[in-house]
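S.K.: Have a look at this one before I ask anything.
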Amino acid sequence: MTDRSAVKDALRAQRIETPSWGYGNSGTRFKVFAQPGVPRDPFEKLADAAQVHAATGAAPKVSLHIPWDKVEDYAALSAHARGLGLEIGAINANVFQDDDYKLGSVTNPDPRVRRKAVDHLLECVDIMDATGSTDLKLWFSDGTNYPGQDDTSARQGRLADALAEVYERLGDDQRILLEYKLFEPAFYTMDVPDWGTAYAHCLRLGPKATVVVDTGHHAPGTNIEFIVAFLLREGKLGGFDFNSRFYADDDLMAGAADPFQLFRIMHEVVKNGGLAPETGVAFMLDQCHNIEAKIPAVIRSVMNVQEATAKALLVDTGALTAAQDAGDVLAANEVLMDAYNTDVRPLLAEVRAEAGLDPNPLAAYRATGWADKTAAERVGGHQAGWGA
Ligand code: LRH
Ligand code: MN
């Protein structure tokens, strides 16, 4: 697809969902570094997200995390978002921070704990009804640390029962986005450790259950774009949690650690029709900005995803298919590398300018003085964080 105006149309239409928790304090087990002007509640998080959308024109949706974004009135929060030109996106459940969940949440040997966990998931669907969200994002920290600690098969049964009950509760336009993760916080087994396990549970559940690919949740060296191509072909790719990593689930800015991997992923997305809205792929960021300024980091991440997408859209698919069909390995690889090695920043600057935006979103944000304004205004109260 090298038709330039079609490429620009696709870039203009791209939407990237930002995480409310990306605007709050976060860190590692060693330290959470506070920053001046960090939001103190979901309303202020949305105000920061609106800065990202104002600068990029491509981030009108914000994912929430419950209870980190718990409020009295979710309809009011949703109205506040609309007032900022935003929409509430995926609702992330959280069954990983309560003492009861030490040995698991929905997979816990104790039925009382399982009941509590499922009730939280059902509460999140109630919240979706109030915010108009369609996506329930489920990541389970459930797992074990030592061989013999629990029965893997029994835990899978408990997980399947919990998911089935939640699936039953979903409204017509609502769906489950099931996220997998290889390890952490459990270090022997995770109950949803890989795409295959997530895919199998989603197949069993039905059409409203899809898989989320968090780019930080694989073993080093995993070919993530293969997983993406497979799930797209099966109609089971619900979305991405984009971030990047050098070693583990580092949750660094998307594309920062491995822009070539992000390009290869977006190449499979573009080639398999994943950009089309009807495919229903949610392009979400899931990052933690432990030391860097948070809003510029999110803006940079949106730009990194846009750049990877632009390069993927510039792949000469006709030449690629011809080389592949001819078994011309080098020619095929060259077609892809030509696209990857294309500087797409002028093209994206053009798309932004034509949309009435500053060609340089980071400069646009800096010019608002928002960072100084919020640092001066947001004093007192409790800065938002993971509450861990
Ligand atoms: C787990 C995860 C999940 C979120 C959390 C913030 O590692 O990727 O998507 O709930 O990060
Ligand atoms: Mn994630």
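S.K.: Let me check I've understood the local charge: for Asp338, count other residues with C-beta under 10 angstrom from its C-beta, Lys and Arg +1, Asp and Glu -1. What total comes out?
M.R.: Details: positive: Lys311; negative: Asp316, Glu334.
Residues close to Asp338 contribute a combined charge of -1.
S.K.: Would you look at the GNM of the chain, springs on alpha carbons closer than 10 Å, and say which of Gly132, Gly273, Gly238 moves the most?
M.R.: Evaluated over the chain, the most mobile residue of the options is Gly273.
S.K.: To continue, here is another question. Any idea how far apart Asp338 and Glu184 come out in nm if each label point goes 7 Å out from Cα toward Cβ?
M.R.: So the label points at Asp338 and Glu184 sit 4.0 nm apart.
S.K.: Then there is this: For segment 1-142, what does the alpha-carbon gyration tensor say about shape, rounded, prolate or oblate, given a ≥ b ≥ c as the root eigenvalues, a/c under 1.5 as rounded, and a/b over b/c as prolate?
M.R.: Values: a/c = 1.85, a/b = 1.65, b/c = 1.12.
Judged from the Cα gyration tensor, segment 1-142 comes out prolate (a/c at least 1.5, a/b above b/c).
S.K.: Let me ask you something else. Which residues' amide hydrogens lie under 5 Å from the amide hydrogen of Asp214, considering only partners 5 or more residues apart or on another chain, with H built in the peptide plane?
M.R.: Amide H neighbours of Asp214: Tyr180, Asp241.
S.K.: So what are the ³J(HN,Hα) numbers for segment 195-210, from phi and the Karplus equation (6.51, -1.76, 1.60; θ = phi - 60°), rounded to whole Hz, Gly and Pro as x?
M.R.: Rounded to whole hertz, the list is 4, x, 5, 4, 4, 5, 5, 5, 4, 5, 6, x, x, 8, 10, 9.
S.K.: HN-Hα J couplings of segment 255-269 from phi, Karplus 6.51/-1.76/1.60, θ = phi - 60°, integer Hz, Gly and Pro as x?
M.R.: Residue by residue, segment 255-269 yields x, 5, 7, 8, x, 5, 5, 4, 5, 4, 5, 5, 5, 5, 4 Hz.
S.K.: Please state the shape class of segment 1-79: rounded when a/c is under 1.5, otherwise prolate if a/b exceeds b/c and oblate if not, all from the C-alpha gyration tensor.
M.R.: Working: a/c = 2.75, a/b = 1.75, b/c = 1.57.
Prolate, since a/c reaches 1.5 and a/b exceeds b/c.
S.K.: Nearest 500 deg cm²/dmol is fine: what mean residue ellipticity at 222 nm does the chain get from its DSSP H runs of n ≥ 4 alone, each adding -39,500 (n - 2.57), divided by its residue count?
M.R.: Theoretical 222 nm ellipticity from helices: -14000 deg cm²/dmol.
S.K.: Additional query: Quote the convex hull volume per residue of the chain, based on C-alpha atoms, as a whole number of Å³. Kindly include the intermediate steps, with their values, before the conclusion.
M.R.: Details: hull volume 55.0 nm³, N = 388.
Hull volume normalised by residue count: 142 Å³.
S.K.: Which whole-Hz couplings ³J(HN,Hα) result when phi for each residue of segment 28-44 is put into the Karplus expression 6.51 cos²θ - 1.76 cosθ + 1.60, θ = phi - 60°, listed in order with x for Gly and Pro?
M.R.: 10, 5, 8, 6, 10, 8, 6, 9, x, x, 5, x, 10, 7, x, 5, 6
S.K.: Now, a different point. Using a Gaussian network model of the chain whose springs link C-alpha atoms within less than 10 Å, name the residue from Ile299, Ile91, Ile291 with the highest mean-square fluctuation.
M.R.: Fluctuation is largest for Ile291.
S.K.: For the chain, set up a Gaussian network in which alpha carbons nearer than 10 Å are linked by springs, and say which option among Arg15, Arg366, Arg155 fluctuates the most.
M.R.: Residue with maximal mean-square fluctuation among Arg15, Arg366, Arg155: Arg366.
S.K.: Still on this model: Find out how many positive minus negative residues lie around Leu136, taking Lys and Arg as positive, Asp and Glu as negative, among other residues whose Cβ is under 13 Å from that of Leu136. Spell out each step's value before the answer.
M.R.: On the way: positive: Lys137, Arg169, Arg175, Lys208; negative: Glu123, Asp126, Asp129, Asp135, Glu165, Glu168, Asp173, Glu179.
Value of the local net charge: -4.
S.K.: How large is the convex hull of the Cα atoms of segment 260-388 per residue, expressed in Å³ as a whole number? Don't skip to the end; give the middle numbers.
M.R.: Values: hull volume 21.7 nm³, N = 129.
Per residue, the Cα convex hull of segment 260-388 comes to 168 Å³.
Only the coordinates and a few stated rules stand behind these numbers; no lab work does. Keep in mind that what you see is a predicted model, and the values were worked out from it rather than measured. Glycine also receives a Cβ, built like all others from the backbone with ideal geometry; neighbour counts cover every protein chain displayed.
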